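The values are calculated or read from the model by the stated rules, or taken from the named source; none is laboratory data. Note that the structure is predicted; figures quoted are calculated from it, not measured. Accessible surface is based on the protein model in full, side chains and every heavy atom, while ligands, DNA and RNA are left aside. Shrake-Rupley method; radii C 1.70, N 1.55, O 1.52, S 1.80 Å.
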Amino acid sequence: MATPVDKAASVFQLLEAGSKQGYIGENISQLEHALQAAQLATQEGADNETVLAALLHDIGQFCSAKELRRMLVEDIGSDDIDVGAVGHEKLGAEYLRKVGFSEKVCELVESHVVAKRYLTATEPQYYEALSKASKLSLKFQGGPFTPDEALAFEHDMLFKQKVQLRKWDDAAKIVDLVTPGLDA
């Protein structure tokens, strides 16, 4: 059974692996993107869980389905399990749940794609400001919300935090921006 220190080390290893991976269609690494999102959250006075969610929102990009499957097998004691084909936001949230993060952190991580769908449906200028890569990925993420989906999302208890996390995600793509590192 992994200790909390082991679990934290595992998450940090995944984040550090992101320093070697480009951020899909952008000129920064996955780690730079994560650190920028966390810095924006910190600068705007977000609570610790929201800052963690900003840092970890793309953890599913580095956490493989194979790793999640291994963790689930350990939990249930059987290898008769399938994690299916899921998006990085769902994979990341499930990984963080297994590691022991709070449900708020996991929900925020899981919702950053949904918040993008909401914003593209409700703010026309939002879509226009998206990067080319983000516009392309939107197509694979279900496209903009319908009016009914947008209304339902607005009633979510974490609605404001989810939308804000998405905006930090979008803004966290600045080449050569100096941020505090993981050890900060």
Return the sequence-ordered ³J(HN,Hα) values of region 108-120 in whole Hz as given by the Karplus equation 6.51 cos²θ - 1.76 cosθ + 1.60 applied to θ = phi - 60°, using x for Gly and Pro. 5, 4, 5, 9, 5, 6, 4, 5, 5, 4, 5, 5, 5
For E149, E128, E123, write out the residues from largest to smallest accessible area, computed with a 1.4 angstrom probe and no ligands counted. E128, E149, E123
Over region 108-184, what is the relative contact order in percent, taking alpha-carbon pairs closer than 8 angstrom and at least six residues apart? 42 percent
